Ligand code: SF4
C-alpha cells in the first residue's frame, strides 16, 4: 500500500535542511506522496527508511523496456493523467504488424520501407520503433521465417503474437539476447506463457476482457517472477478503448492500484481501413497506450502519428528550443540582410525554411527568448530591443554584415524605434508578420 504524506514524513530525517529544494521535510513528503518528486531528491534518507519507502517511491505505472541490437523502446513510468499537470515521459512505441503468411519477400519490402522512414521535425529525427509479427498459419517454421525476414531488413525491437506456445517459444529462441514483447497471456495459458517469458527474459502482454480479470492475472503472473507486464484490456472500439484506458490509468495513478500499474498496448485489430486505423492510433497515443500496433504503414500516416506523439510527449513547461546564434542561410555574404527571430524551435524552423526556399542568401539572428515564440516572448519581456541588440553584439553580427540592415518580425514592429536607438549604425526594417510571407518580402524589399 502507498504511504500517506504524514507516514512518509515520519520516515524522513525531519531536519528541514532544504537540500531537496523544499522548505520543509513535510512539504517534500507531501510531494513524494503525490508522486511529483523522486525519493533520491533527499540525500539524507537512511537505508532503513529507504527500504520502507521503496513501495511509495515506485512509479505507479511500471517502466517496461523492449530492446534489440542497440534499439530500445520504453513505456510506462507516467505520473499524471494530463500532460499539463507535469509531463508525459515515455512516448508510446509505434510498431508495424506483419503476418507470417505474407511471404518473406513481401515482409522484407514492407519492413525495409517502414524501417528507413525518418522525418525531421523541428530539428529532431522521428522514426517508427519496431515491428510486430503475428502467427496466422500456426506453423513454427513459418513464424521463424517471418522473424528472419524482418531481421534481414530491421534491427528494431519486436512483438511476437501467437496463441500456440510452441510458436512463441520458437520465436523467443530466434531472438535470443533481445527483449521482445510476447502477446499474450490470458486465463487459458497464463502459467505456460509466464514460464516462457521468465525463461527468455521477455516482457509479457496480459489480456483479459475485464479489469478484474486483468488485475487477477497480473498478480498471479507477478508471483511467478515476471514483472515486465503490459496490459491489453481488449476494448476495440474507440469508445470502449478510451473508457478502459482511462480507468486503468486512473486506478494506477489515483488509487495506486498496483495490479493495473503497467503500460497498455493498443492492438488495432482487424481494421481494414487505414484512415480509421490512423484515428484509433491517434487516440491510443493520446490516451494512454505504451505500445501501438498498426497494420498499414504509409509515410503520410506515419508523419501525422509521429508529430502528434512528439507534441503530446514534450514537457509543456519547457518549449522546444534551438540554440541562440547567428545562422547562415544560402551562403550569405557581408552585404546580405540580417533577419531576426526567436529561439522557439517551431518559429525558427518556420522562418529558416521560408528563407531557404527563396534561394536568397541571408543571415538569421536567433535571439535568446527562452524558447518562446515572437509574440509570447515580446509579451513576456523576453524579446525586446535591448535583448536583440545584445545578441547582435554577442554573436558578432557587426563584424560579418557590412550592409547593416536588420529585419524585425512584423509582429514586433513596435520595437523598431527602440532598436534604432540601441543600434544607431543599423537600418531597422520591419518584415512580415507571418513566416509564409517572408519569400515575397525578401524578393520585393531586400
Ligand atoms: S533534503 Fe531531506 S532532510 Fe532535507 S528538507 Fe528535504 S526531505 Fe528534509
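Read-outs: derived from the displayed coordinates by stated rules, not from any lab. Please read all numbers here as calculations on a predicted model, not as lab measurements. Please note: Cβ atoms are built from the backbone with ideal geometry, for glycine as well, and neighbour counts cover all protein chains shown.
Observations
- Here the calculated FRET efficiency for residue 304 and residue 155, from their Cβ-Cβ distance with R0 = 35 Å, stands at 0.85, rounded to the nearest 0.05.
- Projected label points at residue 188 and residue 120, each 7 Å from Cα along the beta carbon direction, are separated by 5.1 nanometres.
- Given their separation in residues at 0.36 nm each and the Cα-Cα distance between them, residue 72 and residue 34 gain 10.8 nm when the chain is fully extended.
- Pairs of alpha carbons in segment 1-72 whose separation is greater than 18 Å (percent): 39
- FRET efficiency estimate (nearest 0.05) - Cβ-Cβ, residue 227 to residue 26, R0 35 angstrom: 0.60
- Fully extending the segment from residue 427 to residue 136 would add 97.7 nm, taking 0.36 nm per residue of separation and subtracting the current Cα-Cα distance.
- Exposure proxy order (Cβ contacts within 10 Å, fewest to most) of 280, 183, 441: 441, 280, 183
- Computed from the Cα positions only, the extents of segment 147-195 along the three principal axes stand at 35, 16, 14 Å, in decreasing order.
- Simple label model, 7 Å out from Cα along Cβ direction - residue 109 to residue 346, nm: 3.8
- Three-way shape call for segment 250-345 based on the alpha-carbon gyration tensor, with the a/c threshold at 1.5: oblate
- Sorted largest first, the principal axis extents computed over the alpha-carbon atoms of segment 101-209 equal 46, 30, 29 Å.
- For segment 64-165, the equivalent ellipsoid built from the Cα gyration tensor has semi-axes of 29, 17, 10 Å, listed from largest to smallest.
- Acute angle (nearest 10 degrees) that the helix 274-286 long axis makes with the longest principal axis of the chain, alpha-carbon atoms: 90
- Based on C-alpha pairs under 8 angstrom that are at least 6 apart in sequence, segment 1-146 has a relative contact order of 15 percent.
- Projected label distance in nm at residue 176 and residue 445, using a 7 Å step from Cα toward the beta-carbon: 6.9
- P(r) tail fraction, segment 264-417 - alpha-carbon pairs more than 29 Å apart, %: 38
- Every pair of different Cα atoms in segment 298-339 enters the Kirkwood calculation, which places the hydrodynamic radius at 13.9 Å.
- Part-to-part distance (alpha-carbon centres) for segment 213-279 and segment 310-377, which is given in Å: 41
- Helix 238-254 axis versus longest C-alpha principal axis of the chain: approximately 90°, rounded to the nearest ten.
- Pairs of Cα atoms nearer than 8 Å and 6+ residues apart set the relative contact order; for the chain it is 12 percent.
- Among 17, 25, the order by Cβ neighbours within 10 angstrom, fewest to most, reads 17, 25.
- Rg(Cα)/(2.2 N^0.38 Å) for segment 358-446, N = residue count: 1.04
- Segment 150-271: projected area of the alpha-carbon convex hull, averaged over directions, in nm²: 8.0
- Between segment 119-180 and segment 55-86, the Cα center-to-center distance that results, in Å: 22
- Relative frequency of Cα-Cα separations exceeding 24 Å in segment 18-112, percent: 46
- Axis angle, to the nearest 10 degrees, between helix 299-312 and the longest C-alpha principal axis of the chain: 80 degrees.
- Estimated translational D of the chain in µm²/s (Stokes, Kirkwood radius over Cα pairs; 20 °C; 1.002 mPa s): 85
- Between 59, 180, 409, the residue with the greatest mean-square fluctuation in the GNM of the chain (Cα pairs under 10 Å linked by springs) is 409.
- Relative packing of peptides 187-195, 419-427 - highest average C-beta neighbours within 10 Å first: 187-195, 419-427
- FRET E, pair residue 399, residue 240, Förster distance 51 Å, beta-carbon r, rounded to 0.05: 0.20
- Short-range pairs are left out: with C-alpha atoms under 8 Å and at least six residues apart, the relative contact order of segment 59-110 is 25 percent.
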